[in-house]
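Notes follow the structure.
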Amino acid sequence: MLSVPVLTIDGPSGSGKGTIGQAVAKSLGWHFLDSGALYRVLAHLAQNLNITDDNLAELQELAQDFEIQFMPQDGAPPKVIYQGEDISNAIRTETAGEMASRLAPIPEIRQSLLQKQRQFRQPPGLVADGRDMGTTVFPDAGVKIYLTASPEIRVQRRYKQLKDKGFDVNLTRLLDEIRERDRRDVGRETSPLRPADDAHILDTSDLGIDEVVQRVQELVAEQA
Ligand code: DC
């Protein structure tokens with residue numbers, strides 16, 4: 001039996017993974033997994049339940065138990081629904097992002113979220129966006145993309161995204177946070193952020209969204 005095709009898009013925060021991944025998923029008619037949202041939901045729930053990042057047993061239990069749904073939206077990122085509640089904005093705050101980045105290095109937590117991520121591999125195909133989609137979660141993916149961009153460009157993109165959502169943000173602090181998060185994502189021992197050996201590396205610093213989407217579509221078409 002042929003396995004369900006997967007396109008993985010990995011890269012640091014602000015490299016354009018989400019925007020590109022959603023556009024390509026839409027054009028292919030495939031499902032889309034924002035794996036960072038799973039880490040953020042876990043962080044958000046842990047914060048609400050006052051579970052600190054050193055309480056491994058409760059975090060693991062929570063990571064295995066929670067269920068969320070992604071509701072596709074026309075022209076906007078999918079809504080993240082937890083127990084009937086729209087928590088899309090709550091998980092995008094810098095506090096949730098910061099806690100997610102502290103939970104992400106913990107091997108037991110990554111292991112607990114592994115099956116959840118693989119369950120999104122459903123026909124006709126999946127576009128999976130994250131940090132370790134091509135290296136760990138879907139190592140057999142047919143096409144693997146690794147997006148990069150300079151920290152300055154990425155911070156501008158994040159700044160705009162957060163401003164558009166109505167969040168009050170400080171550019172200098174955001175740049176510091178992005179650098180610190182990169183350091184943690186790249187430096188952790190379990191599934192660090194790095195391109196898979198067979199990934200196509202695209203620097204998006206000077207490319208528009210349409211150009212990157214087209215390049216990714218070409219790579220998918222070449223592989224089919
Ligand atoms: O992409 P994002 O900013 O929403 O991700 C939130 C955090 O989760 C970020 O610190 C990196 C981590 N993450 C991860 O370790 N592995 C993934 N596959 C996705 C996200």
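Using the Cα gyration tensor of the chain, with a ≥ b ≥ c the square roots of its eigenvalues, what is the shape: rounded (a/c below 1.5), prolate (a/b larger than b/c) or oblate (neither)?
Because its axes are fairly even, with a/c under 1.5, the chain counts as rounded.
Could you work out what % of the accessible surface of the chain is carbon and sulfur, using a 1.4 angstrom probe and leaving DNA, RNA and ligands out of the count?
50
Taking only pairs that are 8 or more places apart or on different chains, how many Lys pairs in the chain have Cα atoms under 16 angstrom apart? Can you show the working numbers first?
On the way: K17/K26; K17/K144; K17/K160; K26/K79; K79/K165.
Lysine pairs, 8 or more places apart or on different chains, close enough: 5.
Find the accessible area per residue for the chain; the probe is 1.4 Å, ligands and nucleic acids are left out, and the unit is Å². Write down the numbers at each step before the final one.
Numbers: 11360 Å² over 224 residues.
Per residue, the chain has an accessible area of 51 Å².
Quote the relative contact order of the chain in percent (integer), defining contacts as alpha-carbon pairs under 8 Å separated by 6+ residues.
34 percent.
For E94 paired with D140, estimate the spin-label separation in nm (one decimal), with each label point 7 Å from Cα along the Cα-to-Cβ line.
Result: 4.3 nm between the two label points.
Mind giving me the FRET efficiency for Q47 and E222? R0 is 35 Å, r the Cβ-Cβ distance, nearest 0.05 is fine.
Details: r = 43 Å, r/R0 = 1.24.
It comes out at approximately 0.20.
Anyone know which of M71, M133, M99 comes out most mobile in the 10 Å Cα GNM of the chain?
Highest fluctuation of the listed residues: M71.
Report the full-extension gain for the segment R118 to V169: residue separation times 0.36 nm, less the Cα-Cα distance, to one decimal in nm.
Extra length from R118 to V169 when fully extended: 15.0 nm.
Just to be sure I understand the model, the point goes 7 Å from the Cα along the line to the Cβ. What's the resulting E61 to I81 distance in nm?
Using points 7 Å along Cα→Cβ, the separation is 2.8 nm.
The values are calculated or read from the model by the stated rules, or taken from the named source; none is laboratory data. Because the structure is a prediction, the values reported are computed rather than measured. For neighbour counting, all protein chains shown are included, and Cβ atoms are generated from backbone atoms with ideal geometry for every residue, glycine included. Ligands, DNA and RNA are excluded from the accessible area calculation, which covers all protein heavy atoms including side chains. Shrake-Rupley method; radii C 1.70, N 1.55, O 1.52, S 1.80 Å.
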